[in-house]
Amino acid sequence: MMKTINKIREITGQVSQKHVGAYAAQSAYFFVLSMIPIILLLLAIIQYTPVTKADVMTAVVNLFPETNMQDFMVGIVNEVYNQSKTVIPITAIVALWSAGKGVLAVSTGLNCAYELRETRNYVFLRIRASIYTILFIAAIVMALVLSVFGNNISIFIYHKIPFLAETTDMIMRLRTVISFVVMTGISLLVYHFLPNRKLPFRDLILGSIFCSLGWLVISFVFSMYLTIFKGFSGLYGSMTAIILVMLWLYFCMYVMLLGGLINCIWVDAKRDILEKD
């Protein structure tokens, strides 16, 4: 029991020492900064499909009923459909650059947790960050779709696309398991490849499970909040949607970096035991 308490104290003591909060805030900021270009890019691509602006507006209204998020999304849809189609390459570049900075912040935070200096080429890091951006965006979108906005999406499909209702219902019942498995896999890849030190996957399982469970709990709390309340609309006004997404991302990035710290402590503890033997 005392060993567990001491380990918890060790982790909490290293959180401030390793600047976990600062790196979490930095990565969350750049990911939020990249989200608007990503949404713009997706909407711009949709214009080349049979889906009309009216269809997109209907989906937005049904998915985000009477919330600041609805006003935010409607504004973006109007902006995209009123702009030139040259927005696609520009938004793609901005999205990759911004989200890539977020991945670099996570990489730096993990290096700090492992007490490592970055020795790899910056160009290589930027290219790799762009690749991992896709993984992070997939994880963020999956968490938002399944955990945070899952209830609204399920209701929308039930009323508008009834033949998919049964499949959607099955996915929603299994969403916790699906999210957990996918997030654990992504966390393992992040903890293995991002730091300037490659640890065996077996030594990363504990932190990956912690990260996955943390994301699920945080997403569930925000989902309940969005279902019950309308957010800080009186305080933040039209910025409510961005503030909520940034808060959610900050806590998720915080948990991910904590998972890296747990892996580091676990590896050090194993090494100490082997040295004593």
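Check the stretch 192-202 and report whether any residue there is modelled with pLDDT of 85 or more, more than 26 Å from residue 119 (Cα to Cα) and assigned to a helix (DSSP H, G or I).
no
Return only the number of the condition from (1) modelled with pLDDT under 85; (2) surrounded by fewer than 15 Cβ atoms within 10 Å (Cβ to Cβ) that residue 172 does not satisfy.
Tallying (1) modelled with pLDDT under 85; (2) surrounded by fewer than 15 Cβ atoms within 10 Å (Cβ to Cβ), residue 172 fails exactly one: (2).
Could you give me the residue pairs with C-beta distances under 8 Å whose first residue belongs to the stretch 175-188 and is among the aromatic types (Phe, Trp, Tyr), whose second residue is surrounded by fewer than 21 Cβ atoms within 10 Å (Cβ to Cβ) and part of a helix (DSSP H, G or I) wherever it lies, and which are 6+ apart or on separate chains?
Pairs that qualify, where the first residue is among the aromatic types (Phe, Trp, Tyr) and the partner is surrounded by fewer than 21 Cβ atoms within 10 Å (Cβ to Cβ) and part of a helix (DSSP H, G or I), are 180/213; 180/216.
Name the single residue, out of those in the stretch 229-255 being touching a Ser or Thr at 6+ places or on another chain (Cβ under 7 Å) and in a helix (DSSP H, G or I), that is modelled with the highest pLDDT.
253
Considering (1) modelled with pLDDT under 70; (2) in a helix (DSSP H, G or I), say which one residue 25 fails and leave the rest.
Among (1) modelled with pLDDT under 70; (2) in a helix (DSSP H, G or I), the lone unmet condition for residue 25 is (1).
Quick check: is even one residue across the stretch 99-110 in contact with a Cys (Cβ under 9 Å, 6 or more places away or on another chain), modelled with pLDDT of 70 or more and crowded, with 19+ Cβ neighbours inside 10 Å?
So far as the stretch 99-110 goes, yes, one or more of its residues are in contact with a Cys (Cβ under 9 Å, 6 or more places away or on another chain), modelled with pLDDT of 70 or more and crowded, with 19+ Cβ neighbours inside 10 Å.
For residue 119, indicate whether it is at pLDDT 70 or above and not charged (D, E, K, R).
Answer is yes for this residue.
The values are calculated or read from the model by the stated rules, or taken from the named source; none is laboratory data. No experiment lies behind these values; they were computed from the predicted model shown. Cβ coordinates were reconstructed from backbone atoms using ideal geometry, including for glycine residues, and neighbour counts include every protein chain displayed.
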